[in-house]
Structures are given as structure tokens and as C-alpha cells.
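Colleague: Structure provided below as C-alpha cells; questions to follow.
The values are calculated or read from the model by the stated rules, or taken from the named source; none is laboratory data. Fair warning: this is a prediction, and the values are worked out from it, not measured in the lab. Here Cβ is always computed from backbone atoms with ideal geometry, including for glycine, and neighbour counts include all displayed protein chains.
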Ligand code: ADP
């Protein structure tokens, strides 16, 4: 016998689990059944190519309660585990970020909600320690003869030793704690308790969940009366507790919300209810049933573990084929969970085939349409709910706005986009609503990108737009930098960054007039513009007068075709070599600072303090748009010197 310590993270999670006030302790059985069902799925799949693995009997899950010993055992004849797999799977959590996650849970103190979060993390098996003092797992891997026994008291260590098991599969024996109704611990050796839990959480499991039940019977005559002198006899027979009905083949109105929710939790390993259910049947050449779920939140480790994601399960004629079938859904919708059951695919499909299969592509197009329809319906019918959804998944969905793949869907995606805007308080707007509010003669949809609403809102680039009552969208997700440069249009309107290119908000003759005026001012202030350009030649490519400033002295803009500084930074962080493009410094000709500065340049363009003034102004423009200063200490020194001069 060999003794092992649990990985430190497992110990901590067990501790949290055992001491949490979570009252739904029954779910431990759902987790064990779920694991058994996964093991049966895997065996069924493996035996498609290795028929020798097929067990003699029927694939099934058996519950075996023992009221005298006070144990409950869950048996399956699935894939089983080797000794190494048991040590690995039942002793560690092989996920990075676990430590941070536990720390986060501990700091949250309210242990009541901890299990929901733990559930997202997938510690299904360990949840049995909520109701057990000891767990013994006996497992034999399909195709091997040696079995292994794993045991633990949940106290930080476990042992493994060689053992025997008649056939491949796994048995999890739970030594039950005392019944404590107040703490949510029921008597899990009672038939009706088990029946109820299975019905509630695991009815749709595709394998029979069996239980031996005792019935006292007495021989009766034709009228149903006990026969004279007959004795009561106890008979034992095995009953199947679940209906095994594949939920996705049943009409939607025949399935209760509860059943859907439990099914979602079963396939997603999420402990929270889904936000939306999308059930659809694809008719025609390629028949398929789809049952999809939109989760209510993004799993905390969504980006870290794309390979471990549950995604969409592929079935063929009710036979499980694979988990997380990425070919069925584009990347920007990878958070959608569910099942697709095809009538026409072959049972022997492989990943390679999937990638080129015409049918898979057709199903995928169908799913995308259904999912986007569901988003749109939610947007139209329940705005508050949709806003919550968008907050969680919007940044991901916007990834569908660039790249070639979703060419035909872009207008649809733009139609469901929400963005903060200068128009109304803290709320968010759709593009349709924006377009309806556009001023007469306004062609473009104006937007400004930046790190946060607060920064964007205060940026000087918006001043003239605000003065003219033109609405500007605030786009603050990194992905916004990408799709806004993809040349998209919504309802025939282009997207125009207020931080790029020349801006003149006057129309027709007024525009000509204002441009004329500006050019004349620029001519008469040649000394200022040229002087500034010379001093700042390393930093900016041009200094010019602005039509977008009202109250600020200066701002920095990019040329239409250039990346914004945020996108520049993003690309650089992604390891791309991008040349840092110099930007344009725009000055507000009517601002007191600029007027005075102009006079100083006029008098003596070589005066030494002008260098400092130019640098201060440049730094101020950077700060105003929320960009970092290239040399903070130097900027601080300039300000200190200036204050000294003013104060003395
Ligand atoms: P999860 O099911 O979320 O992966 P668990 O802690 O419930 O997490 O289980 C850990 C792993 O142990 C599973 O991924 C599986 O590899 C293995 N396992 C658990 N139960 C069984 C079983 N009945 N048969 C085979 N393998 C199992």
C-alpha cells in the first residue's frame, strides 16, 4: 500500500467544501453519476475502434446502498482507471490558476456561495466528502486485468493498493456521515431518497441507473385478495430509476425548465442555471437535433483552458461521439454549451473528417443562426437581461466582427452590439438606436476607443462633437480597436474614429468657411507651428490647428489609415512588430495658452523656455487621452520648475 498527500490545492478545496454551509449536499450523487456516465461514454467511444473492450453486460450504473454499514456505492462498467490515473485524477487538480482561485474564495468569506464557484471549477468527485467520512474507489481499466483500490478520509492524504475487480469499471463507495436534515444530509441508503435525487438531477442520463428494491408480496387470488394461509414473501428486483430520454429529442413543450437546467448542469459542469435555452431541429438533407445553452456567466478560467472546455457535444444517432466539438461553432461563440445529435453522420467520424465535412459546416451555419436569433430575441424582449449578458460575453462576440469567416454575419452581429455612448447617462445603446438619433446630414457613426469609459469620456477629442450635439460611442474593449478598422458599415454608415484624421463638423458653405479661416490662422501663426514641430520632431509628424477642440489647448490624433496608440500597444503585446507611428499634434487656436505661446514664438523662436512649454503641452495632450507619459520624472520636473517661476 502506498500513501500519498493530496496536492495542496486539493486539501484547501476539500477544506472549503467540507466546512461550507452549502445545503444542497445531495448533489454529490449527481456528480458521481455524472462521472460514471462520462466513463461509460468514453468506453462506448473507445470500443467503436477497439471492439474487444465492449463489456459482456449492458452499459449501466448501479446504486448499491447498505443501511447496516451505512454506505452507498456507485458502480459503473465504464472505461475505468489505472493506478496512475487514479493517483492523478483523484489526487490533484491539474489546472493552473488554482491557487489564485482558492485565495479568491477564502477572501470572499461568504462560504454559502463558495460551492457555486467551486462547481465551475469542476471538483465533482471531491464533493462527496460533504456527506462522507471515508471514500473507497475500486477501479479497473478496460483492457487491463489489474485493479486498484484508492481510499481517503478526506483529511489530506489517500492510499492506493493493488486490488481485484471482476470486470472493468469503477465503484465509488461512500461511507456516509450521520443524517443531519438541518445540514442537508439525508439518508442516502433509503430507496425513496435515491429515487428522488436521480429523478431530479439525472433523469436524462443515457445509461440505466439501477437500484435493487425490496418488495414484500403476498400471494393473491383472482379477486386480488390474499390467499388463505399465504405468507408474506420478500422479493428483490432491480429497477431503473431514470427515464433515459434524450432531452434533445423531446418536443420543447414537453420538457420542464427544471429538466433542462439539470441537463445543462450535467453537461457543462456549471452549478448555475443557464441564461437561455435554444432547442432546434434541423430538417432537410442533414437532419440533426440541437439543444444549446447560453450560460449565465463566463467560466472564470475560460481563456486559460480552451482545450478542457466542455463546449458542444456531438452525438450521432444518440451515441456520444465527442466533447467540445469545436468544428460546430465559431470561436467567438465557444462559450455556448449543448448537444448536437446528427442523424446522418457516420459513427466513425474523426477530427480530421469533421474539419472538412460539408454536413458539419451546414450544421454549424444552422447553429450560428439559431444562437444569434436567440441573442436578438433577448435584446428585443428583455433589455436589462441582455445588458447583463452583453457585459459577460460582448467582448467575445465582437471577435466575430473581424476575420473573414463570418463575412455574411457582420451586419447581424453589429445589430446586436451594445456600446456606451455620449448620449445617455450610464446606459448602453444599440447601433440602430444610434442611427435613429443621428443629426440631419450626419453620415458616419462616430466612436472613440480607449481603456475605460471614464478616460474616453474626458478625452479632448470629443469636445467639438459634444458642442454640436453629435453622439459618440465609447468603445472600451481591446477588441474594439480591431473591428473598427475592418471597414464595416452599419445601415450604410461608416464608422469614424473621433481620434483620427481631419475633422470638420461644419457642413457645406460653413465648412469651407471654417477651413479657410483655419488655414489663414495657420499661415499667420507659422512661427508657432514650425517652432513646435521642430522641438517635438521626435514625437510628432505634424503640428496643426484643430477643428475638434473647444476647451482644451491640444490633443493628439492619428491619420485615418494609422492604428490607434491602443491598437499599436495591443499588437506589440501580442508579439507583433509594429512600427510606432508618429501622431499629429492639434492645437486649439482660440485657447489662451496657444495664443500666448504664439506670441512668444513670434518674438523669439529660440527662447530656451519654449522647449519646456512645448514638452509640457505635448505631455498634457497625452495625459488628457489617458496615454502614459514616455518620461514621467522629466514631466514632473518641468511642472515643478514652472510652479517655482509662477510662485516667485
Ligand atoms: P471532473 O469530472 O470535472 O473532471 P472529478 O473530480 O469529478 O472532475 O473527476 C476527476 C477525474 O477522475 C475525471 O475527469 C475522470 O478522469 C476521473 N474519474 C472520476 N470518476 C470516474 C469514473 N467513475 N470512471 C472513470 N474515471 C473517473
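Colleague: Taking the residues in region 111-131 that are near the ligand (Cβ under 10 Å from one of its atoms) and part of a loop (DSSP other than H, G, I, E, B) as candidates, determine which candidate is modelled with the highest pLDDT.
Modeller: My answer is 124.
Colleague: Another one. Being buried (at least 19 other Cβ atoms within 10 Å of the Cβ) and farther than 21 Å from residue 212 by Cβ: is that true of residue 25 here? Walk me through how you get there before you give the answer.
Modeller: Values: buried (at least 19 other Cβ atoms within 10 Å of the Cβ): yes; farther than 21 Å from residue 212 by Cβ: yes.
Yes; evaluated as a whole, the condition is true for this residue.
Colleague: So, residue 68, is that one more than 23 Å from residue 168 (Cβ to Cβ), away from the ligand (no atom under 16 Å from the Cβ) and not assigned by TED's automatic domain parsing to the domain that holds residue 316 or not?
Modeller: Values: more than 23 Å from residue 168 (Cβ to Cβ): yes; away from the ligand (no atom under 16 Å from the Cβ): yes; not assigned by TED's automatic domain parsing to the domain that holds residue 316: yes.
It is true that residue 68 is more than 23 Å from residue 168 (Cβ to Cβ), away from the ligand (no atom under 16 Å from the Cβ) and not assigned by TED's automatic domain parsing to the domain that holds residue 316.
Colleague: Determine the pairs where a residue that is assigned by TED's automatic domain parsing to the domain that holds residue 43 and in contact (Cβ under 8 Å) with a residue 12 or more places away in the chain, located within region 151-172, has a partner that is more than 13 Å from the ligand (Cβ to nearest atom) and part of a loop (DSSP other than H, G, I, E, B) with Cβ atoms under 6 Å apart, the partner being 6 or more residues away or on another chain.
Modeller: So the pair list comes out as 159/1; 161/1.
Colleague: Within region 11-54, which residues are more than 15 Å from residue 154 (Cβ to Cβ) and not in a helix (DSSP H, G or I)?
Modeller: Result: 21, 22, 23, 24, 26, 50, 54.
Colleague: Mind checking which residues of region 473-502 are under 19 Å from residue 583 (Cβ atoms), part of a loop (DSSP other than H, G, I, E, B) and within 38 Å of the chain's Cα centre (by Cα)?
Modeller: 484, 485, 498, 499, 501
Colleague: Additional query: Tell me the residue from 628, 608 that is modelled with pLDDT under 90 and under 25 Å from residue 449 (Cβ atoms), please. Break it down into steps so the answer makes sense when it comes.
Modeller: Values: 608 fails: under 25 Å from residue 449 (Cβ atoms).
After ruling out the rest, the residue left standing is 628.
Colleague: Within region 426-457, can you find the residues that are under 27 Å from the mean Cα position of the chain (by Cα) and outside any helix (DSSP H, G or I)?
Modeller: 426, 427, 428, 429, 430, 447, 448, 449, 450, 451, 452
Colleague: Condition check: farther than 26 Å from residue 346 by Cβ, over 19 Å from the mean Cα position of the chain (by Cα) and not in a strand (DSSP E or B). Does residue 258 satisfy that?
Modeller: Values: farther than 26 Å from residue 346 by Cβ: yes; over 19 Å from the mean Cα position of the chain (by Cα): yes; not in a strand (DSSP E or B): yes.
It is true that residue 258 is farther than 26 Å from residue 346 by Cβ, over 19 Å from the mean Cα position of the chain (by Cα) and not in a strand (DSSP E or B).
Colleague: Hey, another quick one. Which condition number in (1) away from the ligand (no atom under 11 Å from the Cβ); (2) modelled with pLDDT under 95 is the one that residue 90 fails?
Modeller: (1)
Colleague: Would you call residue 184 out of contact with any strand residue (DSSP E or B) (no Cβ under 6 Å at 6 or more places or on another chain), assigned by TED's automatic domain parsing to the domain that holds residue 86, at pLDDT below 95 and away from the ligand (no atom under 16 Å from the Cβ)? Even if it seems obvious, please write down each step before you answer.
Modeller: Details: out of contact with any strand residue (DSSP E or B) (no Cβ under 6 Å at 6 or more places or on another chain): yes; assigned by TED's automatic domain parsing to the domain that holds residue 86: yes; at pLDDT below 95: yes; away from the ligand (no atom under 16 Å from the Cβ): yes.
Judged against the criteria, residue 184 is a match.
Colleague: Picking from 108, 134, which residue would you name as being surrounded by fewer than 20 Cβ atoms within 10 Å (Cβ to Cβ), at pLDDT 90 or above and away from the ligand (no atom under 15 Å from the Cβ)? Explain how you work it out, then say what you get.
Modeller: On the way: 108 fails: at pLDDT 90 or above.
Going through 108, 134 in turn, the sole match is 134.
Colleague: Looking at region 38-65, which of its residues are in contact with a helix residue (DSSP H, G or I) (Cβ under 6 Å, 6 or more places away or on another chain) and either under 23 Å from residue 193 (Cα atoms) or away from the ligand (no atom under 13 Å from the Cβ) (or both)? Spell out how you get there, then give the answer.
Modeller: At the first step, the residues of region 38-65 found to be in contact with a helix residue (DSSP H, G or I) (Cβ under 6 Å, 6 or more places away or on another chain) are 46-47, 53-54, 59, 61, 63.
Matches in region 38-65: 47, 53, 54, 61, 63.
Colleague: Here are some conditions: (1) within 12 Å of the ligand (Cβ to nearest atom); (2) more than 34 Å from the chain's Cα centre (by Cα). Residue 85 meets all but one. Which one does it not meet?
Modeller: All conditions are met except number (2).
Yes or no, residue by residue, for (1) assigned to a loop (DSSP other than H, G, I, E, B); (2) touching a helix residue (DSSP H, G or I) at 6+ places or on another chain (Cβ under 8 Å):
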| site | (1), (2) |
| --- | --- |
| 363 | no, yes |
| 372 | no, yes |
| 387 | no, no |
| 391 | no, no |
| 399 | no, yes |
| 404 | yes, no |
| 411 | no, no |
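Colleague: Which of the residues belonging to region 1-10 are in a helix (DSSP H, G or I) and either at positive phi or more than 12 Å from the ligand (Cβ to nearest atom) (or both)? Write out each step before concluding.
Modeller: Kept after step one, since they are in a helix (DSSP H, G or I), are these residues of region 1-10: 8-10.
8, 9, listed by residue number.
Colleague: Considering only region 139-180, state which residues are surrounded by fewer than 22 Cβ atoms within 10 Å (Cβ to Cβ), within 18 Å of residue 62 (Cα to Cα) and more than 36 Å from the chain's Cα centre (by Cα).
Modeller: 165, 166, 167, 175
Colleague: Could you tell me whether residue 449 is closer than 21 Å to residue 585 by Cα, touching a helix residue (DSSP H, G or I) at 6+ places or on another chain (Cβ under 7 Å), in contact (Cβ under 8 Å) with a residue 24 or more places away in the chain and surrounded by 14 or more Cβ atoms within 10 Å (Cβ to Cβ)? Talk me through it step by step, then tell me what you get.
Modeller: On the way: closer than 21 Å to residue 585 by Cα: yes; touching a helix residue (DSSP H, G or I) at 6+ places or on another chain (Cβ under 7 Å): yes; in contact (Cβ under 8 Å) with a residue 24 or more places away in the chain: yes; surrounded by 14 or more Cβ atoms within 10 Å (Cβ to Cβ): yes.
Here the answer is yes, as residue 449 does meet what is asked.
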